[in-house]
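These notes concern the structure reproduced below.
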Amino acid sequence: MDETKLLEEKLREAACVGDTDAVQGLINLGVDVNTQHSINGWTPLHWACKRNYQDVVVLLLKSGANKDILSKKGESPASVSTNPYILQLLGVPSKAIKSDHPLDEERYGFVPNYLKNAPLMGKVDVGSTITKQYTHQVENEFVKQDLVLKIRIANSHDQDFIEVDLSRDQLSYSNLVKLCCDELGISTNQIERLRKLPNTKLRRDKDVHRLENFQEIEVQLNPPNANAGQTSAHIPNGCAVSITPTNNYQSISKKDQTVLY
């Protein structure tokens, strides 16, 4: 098989499995969008319609696919599809569409792929109340799930992460900071920054919204405060003591007295 025939076969295969990226890539290479199989005469559009991959159908039509090409058995792309939205794209009159709604399993024997994958595709709109309600229900269930994150303190002697749960309806920077403090036993004023590994600083709520499950996050702590050359202490009676090196002597200032030793 020469290279052209091989690429044409790849295009029909990509349309058959619903690989939109592969279809687009092959079209960009100049592969004939109307290529027909030598035995059955099916085009990529036939396969996309048969599998009810509406995104692939739209892409093929925009790229010049001919919806009137017939297979060796006289099948048009529209004749092998059960997706009302695809049938409308192919110019089939609405009165000729057999199903009142896309869940007619008695007529077709299965639930079309475009409905089974509705939460993932996110672009389905066939005007069906059932489809919209189903998608809305799945989205609500997704929101109820907790986001699982992995957190640790940067440069700690213990470099193991711990897994924590953050409710998806409470995704905000402040809530993430509070969660880190509660789980790691630190206070907010100790935190210098939160870093999404390997190298991204978290600053805003939008940054937190983009986090995915099992994202690794490091809490960078502020460096300890220290005044060079001077330390402070307290003596039993509660008076402040200042200890400062001076000519190899140390002095204690207590009220109006200075004692060198």
Worksheet item: Which members of segment 189-212 meet the condition of being closer than 17 Å to GLU163 by Cβ and open to solvent by 70 Å² or more (accessible area, probe 1.4 Å)?
Response: GLU212
Item to complete: Identify, by number, the condition in (1) in contact (Cβ under 8 Å) with a residue 12 or more places away in the chain; (2) open to solvent by less than 60 Å² (accessible area, probe 1.4 Å); (3) part of a helix (DSSP H, G or I) that CYS181 doesn't meet.
Response: (1)
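What are the residues in segment 51-66 that are in contact (Cβ under 8 Å) with a residue 12 or more places away in the chain and surrounded by fewer than 18 Cβ atoms within 10 Å (Cβ to Cβ), if any? Reasoning before the result, please.
Going through segment 51-66, the residues in contact (Cβ under 8 Å) with a residue 12 or more places away in the chain turn out to be 51-61, 63-66.
Passing the criteria: ASP55, VAL58, SER63, GLY64, ASN66.
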Worksheet item: Looking at segment 1-34, which of the residues that are open to solvent by less than 30 Å² (accessible area, probe 1.4 Å) and in a loop (DSSP other than H, G, I, E, B) is nearest to SER63 (Cα to Cα)?
Response: VAL33
Item to complete: Would you confirm whether any residue within segment 51-68 is part of a helix (DSSP H, G or I), hydroxyl-bearing (Ser, Thr, Tyr), on the phi < 0 side of the Ramachandran plot and at pLDDT 50 or above?
Response: no
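The values are calculated or read from the model by the stated rules, or taken from the named source; none is laboratory data. Worth saying up front: this structure is predicted, and the values here are computed from it rather than measured. Glycine also receives a Cβ, built like all others from the backbone with ideal geometry; neighbour counts cover every protein chain displayed. The protein model used for the area step is the full one, side chains on, heavy atoms only, and it has no ligands, DNA or RNA in it. Shrake-Rupley method; radii C 1.70, N 1.55, O 1.52, S 1.80 Å.
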